[in-house]
Amino acid sequence: MDQASVLKQMIQFNKSAFDNTFNALEMAREQNARMIGAFLEQAAWMPEESKKTIRQWLDSYKKGCEDLRSMMNESYQRVEQTMEKQGGS
């Protein structure tokens, strides 16, 4: 097995491991967001401004996760394209 093939398998394994881990963390994030949302609906004692701040925090966290996923996908695509170019040379 040549080095390029081994490297490609390593990259694919790494991407798969990232995707699986990220998906598990994303499910936990979604569950936590639902629980916090339910809590906020029932927390009549909490000021509306505080609830708004917590919801904004949840939205920012979700966007950060989406940005990370996008960045990682783009990075893996670049690595794969680079490997294809080098393999064709």
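The values are calculated or read from the model by the stated rules, or taken from the named source; none is laboratory data. Bear in mind that the values here come from a model prediction, so they are computed numbers and not experimental data. Ideal geometry is used to build each Cβ from the backbone, glycine not excepted, and the neighbour counts take in all protein chains shown.
Evaluate the following for E80: is it surrounded by 10 or more Cβ atoms within 10 Å (Cβ to Cβ), without any contact (Cβ under 8 Å) to a residue 12 or more places away in the chain and among the charged types (D, E, K, R)?
So E80 does not fit the description; no.
Which pairs do you get when a residue that is among the aromatic types (F, W, Y), found in segment 53-69, comes within reach of a residue that is surrounded by 13 or more Cβ atoms within 10 Å (Cβ to Cβ), reach meaning Cβ atoms under 9 angstrom, with the pair 6+ apart or on two chains?
So the pair list comes out as Y61/R29; Y61/A33.
Tally the residues that are surrounded by 11 or more Cβ atoms within 10 Å (Cβ to Cβ) and closer than 25 Å to R78 by Cα, restricting the search to segment 24-53.
Residues meeting the conditions: 2.
Given the condition over 18 Å from the mean Cα position of the chain (by Cα), modelled with pLDDT of 95 or more and loosely packed, with under 11 Cβ neighbours inside 10 Å, answer yes or no: does some residue in segment 54-64 qualify?
Looking for residues that are over 18 Å from the mean Cα position of the chain (by Cα), modelled with pLDDT of 95 or more and loosely packed, with under 11 Cβ neighbours inside 10 Å, one finds at least one in segment 54-64, hence yes.
How about segment 36-89: which of its residues are of a type in the set (A, V, I, L, M, F, W, C) and outside any helix (DSSP H, G or I)?
Matches in segment 36-89: A43, A44, W45, M46.
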